[in-house]
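In what follows, a structure is listed as structure tokens, so that the remarks can point back to it.
The values are calculated or read from the model by the stated rules, or taken from the named source; none is laboratory data. The shown structure was predicted, so the numbers you read here are calculated from the model rather than taken from an experiment. Here Cβ is always computed from backbone atoms with ideal geometry, including for glycine, and neighbour counts include all displayed protein chains. Please note that ligands, DNA and RNA were not included when accessible areas were found on the heavy atoms of the full protein model with its side chains. Shrake-Rupley method; radii C 1.70, N 1.55, O 1.52, S 1.80 Å.
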Amino acid sequence: MYEHDVIVVGAGGAGLRAAIAAQEEGADVAIVSKLHPVRSHTGAAEGGINAALRDGDSWEDHAYDTMKGSDYLGDAPAIETLCQDSPKETIQLEHWGMAFSRDDDGRVSQRPFGGLSFPRTTYAGAETGHQLLHTMYEQLVKRGIKVYDEWYVLNLAVSDEEVPEDRTCHGIVAYDIQSGEVSGFRARNGVILATGGPGQVYDHTTNAVANTGDGVAMAYRAGVPMEDMEFIQFHPTTLPSTGVLITEGVRGEGGILYNENGERLMFEYGYANNAGELASRDVVSRAELTEINAGRGIDDEYVHLDMRHLGEERIIDRLENIVHLSEDFEGVDPLEEPMPVKPGQHYAMGGVETDENGETCITGLYAAGECACASVHGSNRLGGNALPELIVFGRRAGAHAAGKDLGTAEITTGKRGEWEAGEVDTPVAPGAVRGTDEDAVADGGKAPDGGAVAATGDEIVTRAVDAENRRIDRLMTKEDGVQHAEIRSEVQKSMTRHVNVFREKDGLKQALRDLREARERYTDVYVNDPSRTYNTDLIQTIETRNILDLAEAITLGALARNEFRGAHWRKEHQERDDENWLKHTMLSWNDGSPELWYKPVILEGEEKTYEPKIRSY
Amino acid sequence: MSTQVPETQETEESEAETETESVPVAQQQRQQRKTERRERVAERERERTEEEAASDESRYHLKVFRYDPEVEGKQEPRFDEFHVPYHKGMTVLDALIYARDHFDSSLTFRHSCRQAICGSDAMFVNGSQRLCCKTQLSDLEQPVRVEPLPYQEVVKDLVVDMEHFYDQMEAVEPYFQTNDLPDGELEEQRQTRENREKVKMSTRCIWCGACMSSCNIAAGDNEYLGPAAINKAYRFAMDEREGSDMKEHRMRILEQEHGVWRCQTQFSCTEVCPKDIPLTAHIQELKREAVKNNLKFW
Ligand SMILES: Cc1cc2nc3c(=O)[nH]c(=O)nc-3n(C[C@H](O)[C@H](O)[C@H](O)COP(=O)(O)OP(=O)(O)OC[C@H]3O[C@@H](n4cnc5c(N)ncnc54)[C@H](O)[C@@H]3O)c2cc1C
Ligand code: SF4
Ligand code: FES
């Protein structure tokens with residue numbers, strides 16, 4: 001068994017920042033990551049980091065824009081923390097040497113982004129995430145922080161109390177991908193999940209293949225609620241054949257969207273008469289799909305994004321990476337032709353419920369970054385707000401786990417504060433399939449056998465290791481069955497078909513039926529590759545189970561929410577309904593089936609209350 | 001439980017039955033699943049053998065390196081052939097994924113971002129180091145040979161051990177070091193546009209290892225820092241914010257026996273770098289700096 005004060009799961013922007021912060025607080029910290037840190041998906045971020053750095057801008061304005069962008073589903077304490085801490089954190093990166101783009105006076109450059117009232121998106125060409133990830137990894141090397149890279153985290157080791165709020169996380173169980181060894185990792189102070197987004201729930205996504213929502217699923221099965229899972233962001237400009245992202249920076253710099261008739265659609269059809277192409281992402285994604293559905297799309301599939309008029313010099317200065325992406329992945333030279341684009345899955349606003357210190361309702365368990373939901377994005381994230389989220393909440397989670405006093409959180413987690421029960425009319429029973437073979441689904445987060453309340457942390461970790469060994473043995477010894485790839489691709493197809501930008505009741509119900517079928521088939525899943533060395537077949541099989549839980553949560557939340565808010569559009573409900581729906585969707589894993597409940601949104605900030613207004617751009 | 005399940009009588013019943021005495025239903029279901037499963041396996045097998053036979057032009061012919069120290073039959077390296085249905089825009093990575101998901105789930109390779117930024121899928125394709133996700137099948141002659149990066153230890157199939165590469169990267173103190181930080185935590189260090197332009201290309205490295213694997217000298221001298229690590233050092237040495245003392249310190253690391261002078265200007269690293277980093281030029285520039293500063297050289 002390995003032992004550290006703080007264990008960070010995941011080495012993207014959030015995980016790296018958390019580890020550095022924990023170490024600064026004097027903790028012995030280690031990172032466990034299924035990818036080597038520099039391979040994490042944060043490296044793919046293009047556009048930039050929002051931070052109020054300049055005269056004429058303020059964190060209050062940033063907070064206001066973020067709340068409006070969230071369609072009033074963000075929690076004010078989290079949003080204000082994000083906007084207050086972001087300038088300092090961004091400059092901290094600059095002090096670590098990050099190669100930001102520069103203005104003539106040598107200061108870092110900023111540019112306009114969708115939904116922002118000030119050009120406050122700080123950037124490094126169109127490769128901000130790459131620069132950010134590498135800069136932070138360099139700091140890790142400098143500090144000699146221990147990284148267990150290519151270790152796949154299988155599960156959390158959490159005590160067994162009846163009520164999740166009474167449980168404690170004592171560590172994790174991980175699998176050394178290269179050697180096949182399964183080991184326990186004991187965390188004396190805390191475990192921080194920073195496992196990134198769940199893009200692989202969909203088949204057309206900007207996310208990496210490794211983004212399978214592992215952390216969210218592990219926390220969920222250990223008893224932490226998933227929050228606001230129905231709010232999935234679809235980015236309006238992804239390349240049609242691969243889902244590779246064309247940054248919002250293109251529109252920020254002045255790129256224009258055209259339909260098949262060469263009309264500037266955002267204005268021509270009144271989708272956003274003021275902001276045009278720079279309206280927020282949900283608005284632009286719907287606009288494009290409406291055009292396509294009305295027969296004004298190109299090849300019935302996409303629209304055009306044109307940046308030729310910006311001139312080669314400006315394009316190369318600020319968007320060079322886009323020229324390469326468009327050429328390499330779509331065969332289109334954007335200096336010569338407009339780029340084909342369509343909406344694609346991009347970001348999960350929801351995730352592991354945390355407070356503004358990154359803590360969950362289970363003692364010693366934290367989450368930060370895209371896998372977490374401190375509720376800064378509400379129902380729609382503004383472009384450029386995820387990278388500050390990584391560094392702001394990564395740092396807070398790391399520091400808090402290492403024992404720093406960040407003050408009492410204003411956001412309550414778990415079923416401690418005000419909450420109400422939810423109802424949803426599902427066509428099939430959601431949750432685990434109770435097969436005859438218990439090990440088939442034996443992957444609950446808690447230590448598997450009861451009466452563990454008195455057990456020591458070490459025992460709880462050991463027991464979790466045993467359970468994971470059993471799960472792996474079963475998957476590996478089974479002679480034949482279904483392969484994960486089939487199940488995964490069915491889930492992805494159904495989600496893309498039914499739980500996409502446009503959603504309607506019947507489709508959502510169909511998705512639930514499809515997911516049920518997939519779950520049933522999963523009870524028969526097996527691993528074909530007999531080897532313990534670098535067994536990607538095994539890892540993907542376990543990831544697929546996580547994808548299933550997340551897909552179901554997204555769909556259940558979407559079916560229950562009878563209103564139209566932010567990224568969540570419902571055919572039957574075309575109005576935002578503040579009276580009934582100014583609340584967060586919560587799903588708790590209760591003995592194998594999801595329990596739906598709600599908690600109120602916090603609109604009271606430090607000095608003012610954010611009054612919901614009609615969101616127009 | 002607050003989640004209502006109105007339309008589910010069917011499911012609820014069958015669930016209850018599975019758990020209690022009604023074994024026949026469970027058995028039947030199991031039997032049925034078994035049959036389905038057998039059909040699927042047969043279907044996959046059919047698909048595969050049909051493809052093996054067909055010289056269908058819409059399929060691409062791949063020869064893929066296989067090796068697994070643990071599995072009988074794979075302990076001796078060999079090549080497996082796959083015939084993958086082609087669609088426009090298909091990359092080598094797409095083809096490998098197809099082969100794995102449809103024909104042989106034990107086929108092992110690293111990949112993640114599929115957009116040339118994570119650096120995990122550099123391989124030896126038709127005799128040259130490339131990122132599979134960035135390489136169009138249509139640019140390659142058939143059969144397409146996919147092998148692990150040369151001169152690296154193979155872990156399994158197309159996966160190589162990257163430890164040595166990481167060690168070399170870390171040997172050059174790959175982190176920003178300056179004693180000259182502004183006072184205020186909100187005050188940034190200034191950097192001219194020109195200076196950022198100068199280091200820009202060097203900051204693009206994605207640690208894919210292609211350059212190192214293409215370099216004859218690195219292959220023969222295990223201690224040679226290699227093009228990627230030298231480029232990493234260049235990134236900092238040329239950054240005006242680090243100051244001259246630090247630059248001298250960096251130059252001393254680069255001038256050691258297994259540093260810049262090992263490079264014989266063969267350009268192979270520059271040729272294969274998927275990020276178009278002018279590696280050889282950077283190494284040459286550092287050599288000139290070394291001479292210019294009149295520091296120790298040999
Ligand atoms: C193409 C693209 C462009 C974007 N552009 C922008 C932008 O311009 N501005 C902005 O603000 N946001 C942007 N975003 C969003 C932002 O980049 C992401 O939300 C953010 O990078 C996520 O970071 P993370 O640290 O949470 O996760 P990731 O960077 O995805 O890292 C996840 C880590 O967890 C590890 N991991 C996962 N599961 C396991 C497991 N089971 N065991 C062990 N380790 C595990 C992985 O190895 C990885 O290290 C973009 C996103 C994409 C996809
Ligand atoms: S320098 Fe180029 S080839 Fe070498 S590791 Fe970096 S990106 Fe790869
Ligand atoms: S898959 Fe990331 S570089 Fe190719």
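Less than 5 angstrom separates the built amide H of A:G171 from those of A:A157, A:A187, all sequence-distant by 5 or more or on a different chain.
For A:A126, the residues whose modelled amide H falls within less than 5 Å of its own, excluding neighbours fewer than 5 places apart on the same chain, are A:E320, A:N321. For segment A:1-122, the calculated P(r), taken from all Cα-Cα distances in 5 Å bins from zero up to the bin holding the longest distance, is 2, 10, 15, 18, 18, 16, 12, 6, 2, 1, 0 percent.
For Cα pairs less than 8 Å apart in space and 6+ apart in sequence, what is the mean separation divided by the residue count of segment B:178-270, i.e. the relative contact order in percent? Could you put the intermediate results ahead of the total?
Numbers: 82 pairs, mean separation 32.6, N = 93.
In percent, rounded to a whole number, it is 35.
A DSSP coil position with no more than 10 other Cβ atoms inside 10 Å describes the following GluC sites (Glu not before Pro) in segment B:214-272: B:E257.
Between helix A:536-560 and chain A there is an angle of about 70 degrees, using the helix long axis and the longest principal axis of the Cα atoms.
Estimated purely from DSSP H runs of n ≥ 4, each contributing -39500 (n - 2.57), the mean residue ellipticity at 222 nm for chain A is -10500 deg cm²/dmol once divided by its residues.
Charges only on Cβ, +1 for Lys and Arg, -1 for Asp and Glu: so what's the dipole of segment A:534-601 about the Cα centre, in debye to the nearest 20?
Values: 8 positive and 12 negative charges, 38 e Å.
In total the dipole reaches around 180 debye.
Remark on segment A:320-385: Rg and Dmax equal 18.0, 56 Å (Cα only).
For segment A:349-357, putting each phi into the Karplus relation 6.51 cos²θ - 1.76 cosθ + 1.60 with θ = phi - 60° gives couplings of 5, x, x, 5, 5, 9, 8, 6, 9 Hz, in residue order, rounded to whole numbers and with x for Gly and Pro. For segment A:44-63, the residues whose amide N sits under 12 Å from a probe point set 7 Å from the Cα of A:E606 along the beta carbon direction are A:59-61, A:63. Label-to-label distance, A:R416 versus B:D80, with points set 7 angstrom from Cα along the beta-carbon direction: 5.1 nm.
For chain A, find the longest principal axis of its Cα atoms and tell me its angle to the long axis of helix A:13-24, 0 to 90°, nearest 10. Between helix and principal axis, roughly 60 degrees.
Expressed as a whole percent, the accessible surface of the protein assembly as shown that belongs to carbon and sulfur atoms is 44, based on a 1.4 Å probe.
Over the C-alpha atoms of segment A:344-438, the Rg to Rh ratio, Rh being the Kirkwood estimate, stands at 1.06. Pairwise Cα distances in segment A:184-248 exceed 16 Å in 58 percent of cases.
Legend: mean number of C-beta atoms from other chains within 10 angstrom of residue C-beta atoms, peptide A:317-329, equals 3. Taken across both chains, chains A and B shield about 7300 Å² of accessible surface from a 1.4 Å probe.
In terms of its Cα atoms, segment B:48-162 spans 36, 35, 23 Å along the principal axes, sorted from long to short. In chain A, Cα pairs under 8 Å separated by at least six residues give a relative contact order of 22 percent. Take each residue of peptide A:93-104, count the partner chain Cβ atoms within 10 Å of its Cβ, and average: the result is 6.
Between A:S593 and A:R497, the contour length at 0.36 nm per residue exceeds the Cα-Cα span by 32.1 nm.
With θ taken as phi - 60° and the Karplus curve 6.51 cos²θ - 1.76 cosθ + 1.60 applied, the whole-hertz 3J(HN,Hα) list for segment B:80-93 is 9, 9, 10, 10, 10, x, 9, 10, 4, x, 5, 9, 4, 5 Hz, x standing for glycine and proline. Remark: segment A:74-80, residue by residue, has Karplus-estimated 3J(HN,Hα) of x, 8, 3, x, 6, 5, 5 Hz, where x stands for each Gly or Pro and the curve is 6.51 cos²θ - 1.76 cosθ + 1.60 at θ = phi - 60°.
Report, as a whole number in µm² per second, the diffusion coefficient that Stokes-Einstein gives for segment A:145-238 at 37 °C and 0.692 mPa s using the Kirkwood radius over alpha carbon pairs. Walk me through the intermediate numbers first.
Numbers: Rh = 15.2 Å.
Translational diffusion coefficient: 216 µm²/s.
The reciprocal of the average 1/r between distinct C-alpha atoms defines the Kirkwood hydrodynamic radius, which for the protein assembly as shown equals 28.1 Å. The longest stretch of chain A left intact once loop-based trypsin sites (Lys or Arg not before Pro) with at most 11 other Cβ atoms within 10 Å are removed from consideration, loops following DSSP, is A:1-415.
Using Cα atoms only, what is the angle between the long axis of helix A:484-498 and the major principal axis of chain A, expressed in degrees (0 to 90) to the nearest 10? The helix A:484-498 is inclined about 40 degrees to chain A. A simple spin-label model places the labels of A:K478 and B:I217 5.3 nm from each other, with each point 7 Å out along Cα-to-Cβ. A 1.4 Å probe run over segment B:122-271, with the rest of the protein chains in place, finds 41 Å² accessible per residue. For segment B:194-213, a decrease in accessible area of 40 Å² or greater in the assembled protein chains relative to the isolated chain, with a 1.4 Å probe, applies to B:R196, B:T203, B:R204, B:W207.
Give me a single rounded figure for A:75-87: the average over its residues of other chain Cβ atoms within 10 Å of their Cβ.
Values: counts 0, 0, 0, 0, 0, 0, 0, 0, 0, 0, 0, 0, 2.
The shielding value for this peptide is 0.
Amide H contacts for B:I206 (H built 1.01 Å from N in the peptide plane; partners 5 or more residues away or on another chain; cut-off under 5 Å): none found. Projecting the Cα positions of A:H134, A:H170, A:V158 onto the charge dipole of segment A:127-177 (unit charges on Cβ atoms of Lys, Arg, Asp and Glu, taken about the Cα centre) puts A:H134 furthest along the positive direction. Solvent exposure of chain A, expressed per residue, is 29 Å² of accessible area, with all protein chains present and a 1.4 angstrom probe.
Between A:K571 and B:E248, the distance separating the two model label sites (each 7 Å from Cα on the Cα→Cβ line) works out to 7.4 nm.
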